[in-house]
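Scroll down for the structure; my scribbles are underneath it.
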């Protein structure tokens, strides 16, 4: 599935792509995320939300990234304060950004922010009240470990549509509230909508690609239907709990010393280069 992104009415060359990695107090994965995009040749700037409000314009960028961390200390609920601040202070720019199909990526805390904002699942655009939540892990506690993901998306998601369906990726998690849930009374109905609209992207599995079926440790947080990442109906907004920026390079992998053949990059690169390719002008 091919989709074209427009900025000023023209397709964009890789070296002209401008990406905003937006941070606040408590964000801690912004530098690594920016580095991943810079590695692929895109212009990437880390902006504090206050700096963007006072001296910038979100619409100067082709793409927005909400990185991981613990924004505003994760008080109240993870991601909720950042989501409310973003809506209140940059809501008009966000609406235009989304209307123009400019991609948005949320990693870990960023995924939580997108859910709290109502942009994910976003069955009918931005929801006034989110139809999902990312809540306390089961088993409880902060989980920092490498996990396996199966790509179940059929091509709708612009961050994974060049990754073969059913491919297994190895990427780490680091969260205490990553359990994806729908309300119990609507979970079957909403899961059906998620699947029918090709909004389901990554599910937790084991090393052989067998789905976790909710069983720990393959499913590290008790997420419903083993859900690790989803996109919106248009495929332009993508959130996932694992950290692809921590699986960008070979030396980030925990078992690299045991490998007989070492590649230059890890599986996280696939996600970053996928969206860069979709934004970039085809050569």
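Fully extended, how many nm does the chain gain between residue 13 and residue 77 (0.36 nm per residue separation, minus their Cα-Cα distance)?
Full extension from residue 13 to residue 77 adds 19.2 nm.
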- Taking Cα pairs closer than 8 Å and at least 6 residues apart, the relative contact order of the chain in percent is 20 percent
- Query: Can you put 17, 113, 262 in order, fewest other beta carbons within 10 Å first?
  - Reply: 262, 17, 113
- Item | Projected label distance in nm at residue 50 and residue 154, using a 7 Å step from Cα toward the beta-carbon | 4.8 nm
- Task: Order by neighbour count: 280, 183, fewest other Cβ atoms within 10 Å first, most last.
- Result: 183, 280
- Task: State the antiparallel share, in %, of DSSP beta bridges confined to the chain, rounding to the nearest 5.
- Result: 60 percent
- Ranked packing of 158-169, 206-217, most packed first, by mean Cβ within 10 Å: 158-169, 206-217
- Task: Can you figure out the FRET efficiency of residue 186 with residue 89, using R₀ = 41 Å and their beta-carbon distance, to the nearest 0.05?
- Result: 0.85
- The Kirkwood hydrodynamic radius of the chain, taken as the inverse of the mean 1/r over all distinct Cα pairs, in Å, comes to 18.6 Å
- Item | Part-to-part distance (alpha-carbon centres) for the stretch 137-200 and the stretch 233-283, which is given in Å | 16 Å
- Does the stretch 1-158 classify as rounded, prolate or oblate by the C-alpha gyration tensor (a ≥ b ≥ c root eigenvalues; a/c under 1.5 gives rounded; else a/b over b/c gives prolate, otherwise oblate)? rounded
- Note on the structure: Expressed in nanometres to one decimal, the distance between label points 7 Å along Cα→Cβ at residue 129 and residue 210 is 4.1 nm
- How do 218-225, 252-259 rank on mean C-beta neighbours within 10 Å, highest first? 218-225, 252-259
- Task: Classify the stretch 110-205 as rounded, prolate or oblate, taking a ≥ b ≥ c as the square roots of the eigenvalues of its Cα gyration tensor: rounded when a/c is under 1.5, otherwise prolate if a/b is larger than b/c and oblate if not.
- Result: oblate
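Bear in mind these aren't lab numbers, they're just calculated from the coordinates by the rules spelled out. Note that this is a predicted model, so its numbers are computed, not measured. As a convention, Cβ positions derive from the backbone with ideal geometry for all residues, glycine included, and neighbour counts pool all protein chains shown.
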